Amino acid sequence: MKNPYIALVGGDLRYVYLAERLSGLGFQVCCFFLKHPSLQNHIHQNFDDFRDGLPFCATVLLPIPVCRSGLTLNAPLYEGEKPELPLLLSAVGKGAVVLGGAPSAAVRQTLADKELPFTDLLELDEVAEQNAVPTAEGAAALAMELLPITLHGARCAVLGAGRCGLALAKLLSAMGATVTLTARRPEQLAAVAAMGFSPLETGLLYTKGADFDIVFNTVPAPVLDARTLASLAPGAPVVELASAPGGIDLDYASSHGVKVVQAPGLPGKVAPKTAADILCGAIVPLLQERGISL
Ligand code: NAP
């Protein structure tokens, strides 16, 4: 199907960069609930009502995350009233390709109720792999703000030796930190050791908790339980990188004075242009696969 109209609906600064990138490739970009002074005139953005333009777009790009609370569209750059997702989706044309990121269960259900097949861009391997780099940089920057010591020489624990964990361990190590990288599988622990990091089984962090100046969690499962949190050195911050609900027992942390810093959406915050390039690199081939061409 030839239809160059792509709707960018809500979203943050990375969608502003993405609008420019997609427009540069020849797409007719239509922005709804997304306003920014740097959006150029060739981007369509002056719709009186989303119902006037949205039905004609073959591709609809919802924000990341689609909604921050309930079913209200996540549109931080739009000052007016933000729409509720069910109403917004009623205007999406039949057969449209609907993309976005990090939908809650309620968002997924709403999309299913409207019979709109949805692709979570953050779950695409090429996006997750590349996002690990800005995530690691953002986490390191955060650690520099949080710690009263340099990262050079700091004793860091990184939980989870997946994409984000590995990228962060490499970066911290390159900055002179001493890095313990945890994993749950024996073969992964062996790989961690071969890469020069101190390996530790994730479930055994409590045996060494007091040894770290800072702990980063990338495991999306409850690994920082009460016993583990109780073992940490007093004042050592714990940075949550895993997506909600994360891996930290927040009730225990708040009632026992453990400093937890939530750090969601780092690529979009610390490197919105890079984040847009990563998304663009995934969206264009995906649309070609779905038969949408300019
Ligand atoms: P990933 O490559 O799948 O890595 C996740 C790691 O967690 C894997 O090593 C996995 O081990 C481990 N793991 C999963 N369940 C576990 C459990 N029950 N016990 C112990 N280990 C477990 O994922 P990723 O791309 O690194 O992303 C990690 C998290 O960060 C996700 O929640 C993702 O959504 C989030 N994220 C956040 C940001 C941000 O800005 N904060 C940016 C990107 C991603 P196995 O290999 O053994 O399964």
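Computed from the coordinates by the stated procedures, all read-outs in this text should not be read as laboratory data. The shown structure was predicted, so the numbers you read here are calculated from the model rather than taken from an experiment. No Cβ is skipped: glycine too gets one built from the backbone with ideal geometry, and neighbour counts run over all protein chains shown.
Values as computed for the structure displayed
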| quantity | calculated |
| --- | --- |
| Dipole in debye (nearest 20) - the chain, about Cα centre, beta carbon charges: Lys, Arg +1; Asp, Glu -1 | 240 |
| Hz values of 3J(HN,Hα) by residue in the range 204-215 - Karplus curve (6.51, -1.76, 1.60), Gly and Pro given as x | 9, 4, 4, 6, 10, x, 6, 7, 10, 7, 7, 10 |
| Rounded FRET efficiency, nearest 0.05, which uses the C-beta distance separating Leu147 from Ala244 and R0 of 25 Å | 0.50 |
| Relative contact order of the range 221-294, defined on C-alpha pairs under 8 angstrom at six or more residues apart (%) | 28 |
| Qualifying aspartates and glutamates (Cα of each under 12 Å from Cα of Lys269; at least 8 residues distant if same chain) | Asp12, Glu137 |
| Ala230 paired with Arg68, simple spin-label distance in nm, labels 7 Å along Cα-to-beta-carbon | 3.6 |
| Degrees, to the nearest 10: 13-24 long Cα axis against longest axis of the chain | 50 |
| Pairs of alpha carbons in the range 1-76 whose separation is greater than 18 Å (percent) | 35 |
| Dipole magnitude of the range 152-294 about its Cα centre (Cβ charges: Lys, Arg +1; Asp, Glu -1), debye to nearest 20 | 220 |
| Exposed GluC sites (Glu not before Pro) absent - longest run of the chain, DSSP non-H/G/I/E/B, at most 12 other C-beta within 10 Å | 116-294 |
| Distance from the range 25-62 to the range 210-236 (C-alpha centre basis), Å | 44 |
| Amide H partners (placed H, <5 Å) of Arg68, local residues excluded | Asn74 |
| Leading residue at positive end of dipole, the chain (Cβ point charges), from Pro4, Tyr78, Ala140 | Ala140 |
| Fully extended contour minus Cα-Cα distance, from Ala194 to Ser255, at 0.36 nm per residue | 18.1 nm |
| Estimated FRET transfer efficiency (Gln288, Ser38; beta-carbon r; R0 22 Å; 0.05) | 0.20 |
| Which listed pairs, of Lys82/Lys170; Lys114/Lys170; Lys2/Lys35, have C-alpha distances above 32 Å, in listed order | Lys82/Lys170; Lys114/Lys170 |
| Space enclosed by the convex hull of the alpha-carbon atoms of the chain, per residue, Å³ | 144 |
| Crossing angle, helix 272-289 versus the chain [Cα axis fit, 0-90 degrees, rounded to tens] | 60 |
| Loop-located chymotrypsin sites (Phe, Trp or Tyr not before Pro) in the range 13-66 whose Cβ has at most 15 other Cβ within 10 Å (DSSP) | Phe47 |
